[in-house]
Ligand code: GPK
């Protein structure tokens, strides 16, 4: 069975399932039990297609891609799976007859917190698109027991609480005990002469970790394709545990058990800069080795072709450098276990692997100390050492005496393993995630590599799943689009362009305005219930939601809010269009400036919201614990999308696309994918301000920027800056770290330099908002052009340009 014929069938299946699961009468079920019952029913529906999809791939020997990512930020799966199966209406009607409201059941699911931010959410959109396009592609990652922390705001500050998202079970996973593999750490590795006169590797005295896969179905859209996300969990092997115990040392035995289990216990709360160390490296190798072993095993069992042809059937994609150890690990398997020569193994590896870079922030480039790397992964280190030796010999031959070049492309340098360099060297394809970002990779970050391998480099501008971010998050807008242009856009996001024809049609624009109003009411209700705070749905909803980071410049936003507050205080007669400034996002636990930014937002929020006169014109709110589910409430309700990073710093951004798809107007810098959004919609339909990337670069290279000058020459800037440290924001609060970063450290991200242009851009937003029809027209143009930013387009580009995959009908 892979559908419920009607609500009657749903009800009878539900009754049976609930009885088996809970041994309770229906009226006694808790909402969470109802959720789980439906989730298990959906899994039953999926299972046939899941098996058939796998069989088809194997029978047809279709080429498959494995997308390795240390994060997959899935969001809730019940609703998306119901939509994918086309079963949402039947389920809703059946539950209604039984006395439950699907919309109240859906929030019972906990967000799987298997990611930090954009990189992890991109991976989730990608596997969604792969399944929707019937492309054979699967995810590979770690089943973290604790996801990214839950954020609470206490006394204005972020407090991190553990996210034990698995506590009530996760109905979507299937544990595959028979597919477990061993991953080895530590010990000694050395080369010795082999019988055939060559060299062979001896690897001994290692310790083993059992990697057990948990598979999650990734459901296509109305197409019977079900791909797999395979999540690995680290377990101790009972044999090793008993052996340790039999040696009589219980402490050692339990130490062994604990250290093994630690590998898949926590997701690192790392986002671009903050770093975890040895355990993180263990996680990376654990995921890579387990994933590759299972792929090679599958290849030998089901594809049964020569390993020299591996790349004709298998593509491996590495999402940033965290999985870059696939390169030496595939070399190890091909040489040590399958007997290929170095050259043969290297050819296969390079042709199989492709790499995407997601950041150019230098502090975010992964580097490992050689001593640590070597002691943890001795065999892998030997391989890295050898590939580095061969590579540098080649570079020095081609460019004699150019040691700068050698340094810029070396995998081992200054006592460190340089993961980005390993990734570029061992891949046939390297791409950035937006045009400007890919250009910066070629021009500076990876320039020397670009001169060596120009044809490896390309751009694949990011995208987002219009199924999750429009169909699922904003059914009101989806319905209006169906009425206006028909439902084709659901299957082919490009068709959204048909909305452009209606972008001056007053009747359509009126309905668009109603949809936005409805979504603002829904958000306002949520805020009222959750925070007991009233926001005015008639005000402009101005939203910045993303990880908190100095380069993303939440500081610029809140300093403008503070400035506006001072202006209104000083001019009691002044009227502005009422505005609600909403913020959300997590700061890495060890990132002082980011945490202080959250505090500043909350302190300014109180100052503003407690002022009886001012709060009629503006409100400020920091929403706790921003995650995928909260995003699904926020994007549809936004009028203004804040995308204000320092130009050149945000590789792409993807929130910008979700806002656009939901009809918000971008207020942004010429950074990341904003550049392409601007090109799509034009100056009239977004508001661009601030330094351009080349200007920022010139300042970095040639100097010439002084934030002290900005401070001393501008009274408004002086006023807001002084308030950070003079205690005037209430309770004598002081924000020394932020003050120092802006003045003593010369404002690395040009917040003060862009401050006045940003204030003007905000006034421009207000002017445009008050020309109502024109604003609605802009909103429609944004929706129409958001089709380009569907991850379906991105995935088609990866599939044809990098992976060489074809769709397979299931
Ligand atoms: C980039 F390097 C990283 C990282 O560690 N985490 C992360 O979320 C983001 N990213 C970029 O910052 C975004 O600009 C980009 O849109 C996203 O990755 C997806 O490519």
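No lab work stands behind these numbers, since they all come straight from the coordinates. Here the structure is a predicted model, which means the values were calculated and not measured. For neighbour counting, all protein chains shown are included, and Cβ atoms are generated from backbone atoms with ideal geometry for every residue, glycine included.
With Kirkwood's inverse mean 1/r over C-alpha pairs for Rh, give me the Rg to Rh ratio of the stretch 134-236, two decimals please.
Numbers: Rg = 20.9 Å, Rh = 17.8 Å.
Here Rg/Rh amounts to 1.17.
How do 686, 201, 140 rank when sorted from fewest to most other Cβ atoms within 10 Å of their own Cβ?
On the way: 686 24, 201 16, 140 28.
Listing 686, 201, 140 from fewest to most nearby Cβ atoms yields 201, 686, 140.
Given N residues in the chain, what is its alpha carbon radius of gyration divided by 2.2 N^0.38 Å? Write down the numbers at each step before the final one.
On the way: Rg = 27.3 Å, N = 810, 2.2 N^0.38 = 28.0 Å.
Normalised Rg, Cα atoms only: 0.97.
Please compute the length gained on full extension between residue 347 and residue 239, using 0.36 nm multiplied by the number of residues separating them and subtracting their Cα-Cα distance. Mind showing how you got there, number by number?
On the way: separation 108, 0.36 × 108 = 38.88 nm, distance 3.78 nm.
So the chain would gain 35.1 nm between residue 347 and residue 239.
Provide the convex hull volume over Cα atoms per residue for the stretch 296-337, in Å³.
Numbers: hull volume 3.2 nm³, N = 42.
Here the figure is 75 Å³ per residue.
What is the ratio of the Cα radius of gyration of the stretch 237-325 to 2.2 N^0.38 Å, where N is its residue count, to two decimals? Walk me through the intermediate numbers first.
Details: Rg = 17.8 Å, N = 89, 2.2 N^0.38 = 12.1 Å.
Ratio of Rg to 2.2 N^0.38 Å for the stretch 237-325: 1.47.
Convex hull volume of the Cα atoms in the stretch 478-632, per residue, in Å³?
On the way: hull volume 23.4 nm³, N = 155.
Spread over its residues, the Cα hull of the stretch 478-632 gives 151 Å³ apiece.
Place a point 7 Å from Cα of residue 52 in the direction of its Cβ. Which residues in the stretch 1-36 have their backbone N less than 12 Å from it?
Counting backbone N atoms under 12 Å from the label point, the list is 1-3.
If the viscosity is 0.692 mPa s and the temperature 37 °C, what translational diffusion coefficient in µm²/s does Stokes-Einstein give for the stretch 130-185 when Rh comes from Kirkwood over Cα pairs? Can you show the working numbers first?
Values: Rh = 15.3 Å.
Stokes-Einstein gives a translational diffusion coefficient of 214 µm²/s.
Between Rg and the Kirkwood Rh of the stretch 470-568, both from Cα atoms, what is the Rg to Rh ratio?
Values: Rg = 17.6 Å, Rh = 16.5 Å.
Result: Rg/Rh = 1.07.
State whether the stretch 465-520 is rounded, prolate or oblate according to the following rule on the C-alpha gyration tensor (a ≥ b ≥ c being the square roots of its eigenvalues): a/c under 1.5 gives rounded; otherwise a/b larger than b/c gives prolate, and the remaining case gives oblate. Show your work: numbers first, answer last.
Details: a/c = 2.26, a/b = 1.13, b/c = 1.99.
Verdict is oblate for the stretch 465-520.
Within a 10 angstrom radius of the beta carbon, how do 207, 141, 810 rank from fewest other beta carbons to most? Let's see the in-between values first.
Working: 207 16, 141 26, 810 20.
Neighbour counts put them in this order, fewest first: 207, 810, 141.
Considering Cα pairs under 8 angstrom that are at least six residues apart, work out the relative contact order of the stretch 357-442 and quote it in whole percent. Provide the component values of the computation, followed by the final result.
Working: 61 pairs, mean separation 32.5, N = 86.
That works out to 38 percent.
Just need the relative contact order of the chain here, percent rounded to a whole number, with Cα pairs under 8 Å and 6+ apart. Mind dumping the intermediate values first?
Values: 1447 pairs, mean separation 109.8, N = 810.
Computed over the chain, the figure is 14 percent.
Does the stretch 344-408 come out rounded, prolate or oblate, given a ≥ b ≥ c as the square roots of the eigenvalues of its C-alpha gyration tensor, rounded meaning a/c under 1.5 and, failing that, prolate meaning a/b above b/c?
On the way: a/c = 1.24, a/b = 1.09, b/c = 1.13.
Since a/c stays below 1.5, the shape of the stretch 344-408 is classed as rounded.
Suppose the Debye formula is applied to equal point scatterers at every Cα of the stretch 566-710; what is log10 I(q)/I(0) at q = 0.09, 0.16, 0.21 Å⁻¹?
Once normalised to I(0) and log-transformed, intensities are -0.37, -1.14, -1.35.
For the stretch 30-92, what number results from the quotient of the Cα radius of gyration and 2.2 N^0.38 Å? Walk me through the numbers before you get to the answer.
Details: Rg = 14.9 Å, N = 63, 2.2 N^0.38 = 10.6 Å.
So the Cα radius of gyration is 1.41 times the expected 2.2 N^0.38 Å.
Roughly how many Å is it from the Cα centre of the stretch 97-120 to that of the stretch 683-716, as a whole number?
The stretch 97-120 and the stretch 683-716 have Cα centres separated by 42 Å.
Would you mind ranking 560, 322, 785 so that the residue whose beta carbon has the fewest other beta carbons within 10 Å leads the list? Numbers along the way, then the final one.
Details: 560 19, 322 25, 785 22.
Least to most surrounded, the residues fall as 560, 785, 322.
How big is Rg to Rh over the stretch 1-56, alpha-carbon atoms, Rh as the Kirkwood inverse-mean-distance radius?
On the way: Rg = 12.8 Å, Rh = 12.1 Å.
Value, to two decimals: 1.06.
Distance from the Cα centre of the stretch 26-55 to that of the stretch 163-236, in angstrom?
Value for the Cα centre distance between the two parts: 26 Å.
For the chain, what proportion of DSSP beta bridges, expressed in % and rounded to the nearest 5, is antiparallel?
Numbers: 34 of 79 bridges.
Among the beta bridges of the chain, antiparallel pairing accounts for roughly 45 percent.
Would you calculate the volume per residue, in Å³, of the smallest convex hull containing every Cα atom of the stretch 2-142?
Numbers: hull volume 17.3 nm³, N = 141.
Looking at the stretch 2-142, the number lands at 122 Å³ per residue.
Could you give P(r) for the stretch 556-609, binned at 10 Å from zero, as whole percent values over all Cα-Cα pairs?
Per 10 Å bin, starting at zero, the Cα-Cα P(r) for the stretch 556-609 comes out as 20, 49, 22, 8, 1 percent.
Determine, from the Cβ-Cβ distance of residue 699 and residue 528 and an R0 of 45 Å, the FRET efficiency 1/(1 + (r/R0)^6), rounded to the nearest 0.05.
With R0 = 45 Å, the Cβ-Cβ based efficiency is 0.50.
Using the Kirkwood radius over Cα pairs, work out the Stokes-Einstein diffusion coefficient for the stretch 267-425 at 10 °C and 1.306 mPa s, in µm²/s as a whole number. All intermediate terms of the calculation are to be shown ahead of the outcome.
Values: Rh = 16.5 Å.
The Stokes-Einstein estimate is 96 µm²/s.
Ordered by packing density, taken as the mean number of other Cβ atoms within 10 Å over each peptide's residues, highest first, how do 533-542, 99-108 rank? Each step should come with its number before you reach the end.
Values: 533-542: 18.4, 99-108: 15.2.
Most protected by this proxy first, the peptides run 533-542, 99-108.
Give the Kirkwood hydrodynamic radius (Å, one decimal) of the stretch 56-139, defined as one over the mean of 1/r across all pairs of different Cα atoms.
14.8
Using a Förster distance of 60 angstrom, determine the FRET efficiency expected from the C-beta separation of residue 261 and residue 573, and round it to 0.05.
Values: r = 65 Å, r/R0 = 1.08.
Step by step, r from the Cβ atoms, then E = 0.40.
Could you list log10 I(q)/I(0) for the stretch 184-310 at q = 0.11, 0.13, 0.14 Å⁻¹, which the Debye formula gives when each Cα is one point scatterer?
Cα-only, vacuum Debye calculation for the stretch 184-310: -0.61, -0.82, -0.92.
Suppose the Debye formula is applied to equal point scatterers at every Cα of the stretch 88-193; what is log10 I(q)/I(0) at q = 0.13, 0.15, 0.20 Å⁻¹?
-0.85, -1.04, -1.26
Could you tell me how far the Cα centroid of the stretch 294-323 sits from the Cα centroid of the stretch 519-535, in Å?
49
What shape does the stretch 405-503 have by the C-alpha gyration tensor, where a ≥ b ≥ c are the square roots of the eigenvalues, rounded means a/c under 1.5, and otherwise prolate means a/b greater than b/c and oblate the rest?
prolate
Rounded to a whole number of µm²/s, how large is the Stokes-Einstein D of the stretch 724-767 at 37 °C and 0.692 mPa s, given Rh as the Kirkwood radius over C-alpha pairs? Before the final figure, lay out the partial values.
Values: Rh = 12.1 Å.
Answer from the Stokes-Einstein relation: 272 µm²/s.
How much mean residue ellipticity at 222 nm does the chain get from its helices, if each DSSP H run of length 4 or more adds -39500 (n - 2.57) and you divide by all residues, to the nearest 500 deg cm²/dmol? Each step should come with its number before you reach the end.
Details: 33 runs with 373 residues, N = 810.
Counting only the DSSP helices, I get -14000 deg cm²/dmol.
In whole Å, what three semi-axes, largest first, describe the equivalent ellipsoid of the stretch 638-778 built from its Cα gyration tensor (square root of 5 times each eigenvalue)?
Details: eigenvalues 172, 75, 36 Å².
Computed over the stretch 638-778, the values are 29, 19, 13 Å.
Please list, in order, the residues from the stretch 329-346 whose amide nitrogen is less than 12 Å from a point placed 7 Å along the Cα→Cβ vector of residue 308.
Correct set: 340-341, 344-345.
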